[in-house]
Every structure is written in C-alpha cells, then in structure tokens.
1. Would you calculate a helix-derived [θ] at 222 nm for the chain, using -39,500 (n - 2.57) for each DSSP H run of n ≥ 4 and dividing by the full residue count, to the nearest 500?
2. Relative contact order of region 1-81, please, whole-number percent, based on alpha carbon pairs below 8 angstrom and at least 6 residues apart.
3. So for the pair residue 91, residue 55, with labels modelled 7 Å out along Cα→Cβ, what separation do we get in nm?
4. Full extension from residue 71 to residue 148: what is 0.36 nm times the residue separation minus their Cα-Cα distance, to one decimal in nm?
5. Tell me, how many Å apart are the Cα centres for region 6-55 and for region 154-194?
6. Could you work out the relative contact order of region 19-143? I mean the mean sequence separation of Cα pairs under 8 Å and 6+ apart, divided by the number of residues, in percent.
7. Report the label-to-label distance for residue 98 and residue 165 in nanometres (one decimal), using points 7 Å from each Cα along the Cα→Cβ vector.
8. What spacing in nm lies between the two simple spin-label points modelled at residue 136 and residue 122, each 7 Å away from Cα in the Cβ direction?
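Derivation of every value follows stated rules applied to the coordinates shown; laboratory data play no part. Quick caveat: nothing in here was measured; it's all calculated off a predicted structure. Neighbour counts are summed over all protein chains in view; Cβ atoms, including those assigned to glycine, are modelled from backbone coordinates with ideal geometry.
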C-alpha cells in the first residue's frame, strides 16, 4: 500500500483581482494485492488487483480580503483487474469512479463520472488445414469502453439541480491479424456511439471496417551499370 499527501499554495498578483489558490490531496491511497493463483479447475493462471482512493480539495480566494471564494472537492476511485487464463487468453478491466462538487457565490455544481474499459487478447490457430498455411497464430484483440458523465447546477434561485452536461459514450473495437507467406494480413472493426441527454439531445454513431496487408521481402544487390 502506498500513502501520499500533497499540498500546494499559489498566489497570483493581478491588477484586476489578486487570488490565492490552495490545493490539498489527502488521502491519496494505492493498494495492490500480490498475484493470486487460483485452483487449477478454475482455468485461471493468475489474478492481479489494484485499487485506489484519492480526495482533492481546491480553494480559490479572489481579492485581498477574500470577497469571492470558490471551492472544488473531488473523490476518485480507480480499479484495475487483470486475469490470465490457461493458454494465451488475457482479460483486463479498468474502471474509474469520480464524484465532486464545486461551490461559488452564485451556486453549487455537482459532478459524477464513471469509466469502464474491458480488453481481451489472445492467440489461436484455426482448425483444419488452415493452421499449416499460417506463419504464426492469429492474434485477437478486443477493446470495449463505456463512459458516463453528468454535471448539474444549483443556483441561489433554483433548488433543483439542473443538468447542463449529461452524456454517455460506448465504443467497441476488434482486430485480427496474422502472417501468411511473409505477408501480414489483418482486419479491424470499430464502433463508436455518443449520446447527450440535455439540450438538443444530439447523438452520433460511427462504424468503421478496415482490411490491411503488408508484404515483407528482401532483395539482392542492384547493379549500378552495365557489366564490363
């Protein structure tokens, strides 16, 4: 376990308005478990887990006597989980959860954000005679992501927290590549979807598919002129 403490204070002199900013990060924790080896019947070789907890407090005073005060508080919890299965299959999860609030003379802002990311990677050989034609196994990579953000505002005249940012993003990408006869071949596909739930509630969806190939060869000496 790692424990850290950080404090920074900055003073800015300005003809319009001086300001003093104080930022404190405490507690700042990081914890990691040693690699775990489950029983053989689970088909899992190793499990690794890392988590953390970070609280940040930021205060800004404007003017020599601190006529305006702005405060920001954030709490973030990251989580990393990696599982290595029997063979070449590896799955990884990375998540981050964040909550915060900001206070100024006109009102209060609440923020929430969550991010999830899952990756899968492996190598395999196709069944039948196709395996003998490949120079190396097929490499598979899959990545899926999800992000949700929401910010709302409470003013001195409005008790309800009115959202001004409320959106989600979902993405998925898959790639396959191998080598056949000294030629690199592969396929890539990706899907991205974004949606907003405030204002005009815009939404965009994008799908891409690509096929690529790369030929590798070596050549001998190229003559510079006719033979003598």
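1. 0 deg cm²/dmol
2. Worked out over region 1-81, it gives 28 percent.
3. 3.4 nm
4. 25.3 nm
5. Centre-to-centre distance over Cα atoms comes out at 25 Å.
6. Details: 279 pairs, mean separation 22.5, N = 125.
After rounding, I find 18 percent.
7. 0.8 nm
8. The modelled label-to-label distance comes out at 1.9 nm.
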